[in-house]
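Trainee: One structure is given below, represented as structure tokens, and several questions about it will come after.
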Amino acid sequence: MDIRGKAALITGGVSGIGLTTARMLAAKGANLTLVDVNEKLGDEAVKSMESAGAKAVFVRADVRDEAQMRDAFDQTVNRFGSLDIVFNNAGIATPQPGYTRIKVAQWKPVLDIDLMGVVLGCYLAFPLMRENGGVIVNTASMAGVYAMPGDPVYCAAKAGVIHLTHSLAYWSKRRIRVNCVCPGVVDTPLSRVSTREEAAAGRAGRPVSKMLQPEAIAEVVLNFIEDDSRVGQVVEVRPSGVRVVEPRRPPKHRE
Ligand SMILES: NC(=O)c1ccc[n+]([C@@H]2O[C@H](COP(=O)([O-])OP(=O)(O)OC[C@H]3O[C@@H](n4cnc5c(N)ncnc54)[C@H](O)[C@@H]3O)[C@@H](O)[C@H]2O)c1
């Protein structure tokens, strides 16, 4: 896909990986809807993009709220004339010290935002892309590929995003390509808060040298958008490089 003039909606688009990707898409001529719950960062992001010559709008919407998200999608089409790219990227980390030591109300939002928010984003994008096609990129995590006993809820949410992406590969018949990026640890506000909480809970933090910069993830996302041959792909990104995660296939039926 040629990004120039295309309309892109990015959830979690005002910070970290989402904001970096938004800036790179804007530099290639995309028109942007930044969806997030953080209005202050949203206004700042739009101002800085507009002053760089891009067309961008901020919509305050919670990815858990169907009505708010429907409105964000509709605003994109009304303003830019189409919906071509969706980056389902908003996410939160599980508060530490973790699963069994925090209340249900503290870990449930991880599933609602990190998994259900992506399910809803794909669901709302589909009818708007059905006629002209489009590209959806979902953000999972290496935690969705490899089990992490310290954070099973986050792992479950991100594994769900991976399996959702593989399962939606058939949408390519309608020219909607769905792909997924699984970052390792990236230097963003999310990982900085988690690292501080883990340290406070007595667990060792990660060496900064092992951290990725958000640009490394944004480059993978842009490649998913631009390369029309990429369909139903899940890619993990670590400091040592990029690897495709193969889908699980059902075992062959035996009589
Ligand atoms: N930073 C990492 O190490 C890392 C590693 C693997 C995966 N990820 C994933 O990358 C994605 C982006 O994270 P980031 O590191 O850029 O973090 P970040 O905190 O910089 O950005 C996340 C954004 O999502 C927004 N958000 C949170 N809840 C929301 C909601 N309910 N509705 C709408 N927006 C909401 C936040 O306001 C924030 O702007 C997340 O899905 C995260 O799980 C991050």
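Trainee: Please go through region 28-47 and give me each residue that is in contact (Cβ under 8 Å) with a residue 24 or more places away in the chain and either open to solvent by 20 Å² or more (accessible area, probe 1.4 Å) or more than 16 Å from the ligand (Cβ to nearest atom) (or both), ordered by number. Lay out the reasoning, then the answer.
Mentor: So the first thing to find is which residues in region 28-47 are in contact (Cβ under 8 Å) with a residue 24 or more places away in the chain, and the list is 28-38, 41-42, 44-45.
Within region 28-47, LYS28, GLY29, ALA30, ASN31, ASP36, VAL37, ASN38, LEU41, GLU44 meet the criteria.
Trainee: Right, here's the next one. What residue, among those in region 63-73 that are under 20 Å from ILE136 (Cβ atoms) and more than 10 Å from the ligand (Cβ to nearest atom), is surrounded by the most Cβ atoms within 10 Å (Cβ to Cβ)?
Mentor: Among those residues, the one meeting the criterion is PHE73.
Trainee: Same structure again: Quick test for you: out of ILE10, ILE17, pick the one residue that is within 25 Å of ASP228 (Cβ to Cβ), open to solvent by 20 Å² or more (accessible area, probe 1.4 Å) and either touching a Cys at 6+ places or on another chain (Cβ under 7 Å) or outside any loop (DSSP other than H, G, I, E, B) (or both).
Mentor: Among ILE10, ILE17, only ILE17 is within 25 Å of ASP228 (Cβ to Cβ), open to solvent by 20 Å² or more (accessible area, probe 1.4 Å) and either touching a Cys at 6+ places or on another chain (Cβ under 7 Å) or outside any loop (DSSP other than H, G, I, E, B) (or both).
Trainee: May I pose another question? Hey, any hits in region 120-128 for a residue that's within 11 Å of the ligand (Cβ to nearest atom), part of a helix (DSSP H, G or I), of a type outside the set (Asp, Glu) and open to solvent by less than 40 Å² (accessible area, probe 1.4 Å)? Spell out the reasoning first.
Mentor: Taking region 120-128 as the starting set, the residues that turn out to be within 11 Å of the ligand (Cβ to nearest atom) are 120-121.
Among the residues that remain, those that are also part of a helix (DSSP H, G or I) are: 120-121.
Narrowing the set further to residues that are of a type outside the set (Asp, Glu) leaves 120-121.
Checking the rest, the ones that are also open to solvent by less than 40 Å² (accessible area, probe 1.4 Å) come to 120-121.
Checked against the condition, which is being within 11 Å of the ligand (Cβ to nearest atom), part of a helix (DSSP H, G or I), of a type outside the set (Asp, Glu) and open to solvent by less than 40 Å² (accessible area, probe 1.4 Å), region 120-128 yields at least one hit.
Trainee: Further question on the same structure: Just to confirm my filter: which helices (runs of 4 or more DSSP H) fall fully inside region 136-244 and include at least 3 residues that are in contact with a strand residue (DSSP E or B) (Cβ under 9 Å, 6 or more places away or on another chain)?
Mentor: The qualifying helices (runs of 4 or more DSSP H) are 152-167, 214-226.
Trainee: If you don't mind, there's one more thing I want to ask. Name the single residue, out of those in region 92-115 being hydrophobic (A, V, I, L, M, F, W, C) and surrounded by fewer than 16 Cβ atoms within 10 Å (Cβ to Cβ), that is nearest to the ligand (Cβ to nearest atom).
Mentor: Filtering region 92-115 for residues that are hydrophobic (A, V, I, L, M, F, W, C) and surrounded by fewer than 16 Cβ atoms within 10 Å (Cβ to Cβ), the one nearest to the ligand (Cβ to nearest atom) comes out as ALA105.
Trainee: With the checklist (1) of a type in the set (D, E, K, R); (2) within 22 Å of GLY91 (Cβ to Cβ); (3) in contact with a strand residue (DSSP E or B) (Cβ under 8 Å, 6 or more places away or on another chain); (4) more than 10 Å from the ligand (Cβ to nearest atom) in hand, flag the one item ARG60 doesn't pass.
Mentor: With (1) of a type in the set (D, E, K, R); (2) within 22 Å of GLY91 (Cβ to Cβ); (3) in contact with a strand residue (DSSP E or B) (Cβ under 8 Å, 6 or more places away or on another chain); (4) more than 10 Å from the ligand (Cβ to nearest atom) applied to ARG60, the lone miss is (4).
Trainee: Also, I was wondering about something else. Of PRO183, PRO149, which residue is without any contact (Cβ under 8 Å) to a residue 12 or more places away in the chain and either open to solvent by less than 20 Å² (accessible area, probe 1.4 Å) or closer than 20 Å to PRO95 by Cβ (or both)?
Mentor: That would be PRO149, the only listed residue that is without any contact (Cβ under 8 Å) to a residue 12 or more places away in the chain and either open to solvent by less than 20 Å² (accessible area, probe 1.4 Å) or closer than 20 Å to PRO95 by Cβ (or both).
Trainee: Which is farther than 23 Å from ARG249 by Cβ, open to solvent by less than 60 Å² (accessible area, probe 1.4 Å), more than 15 Å from the chain's Cα centre (by Cα) and of a type in the set (S, T, N, Q), of THR195, THR139, THR188?
Mentor: Residue meeting the stated conditions: THR195.
The values are calculated or read from the model by the stated rules, or taken from the named source; none is laboratory data. Predicted, not measured: the structure shown is a model, and the values here were computed from it. Cβ coordinates were reconstructed from backbone atoms using ideal geometry, including for glycine residues, and neighbour counts include every protein chain displayed. The accessibility values were calculated without ligands, DNA or RNA, using every heavy atom of the protein model including side chains. Shrake-Rupley method; radii C 1.70, N 1.55, O 1.52, S 1.80 Å.
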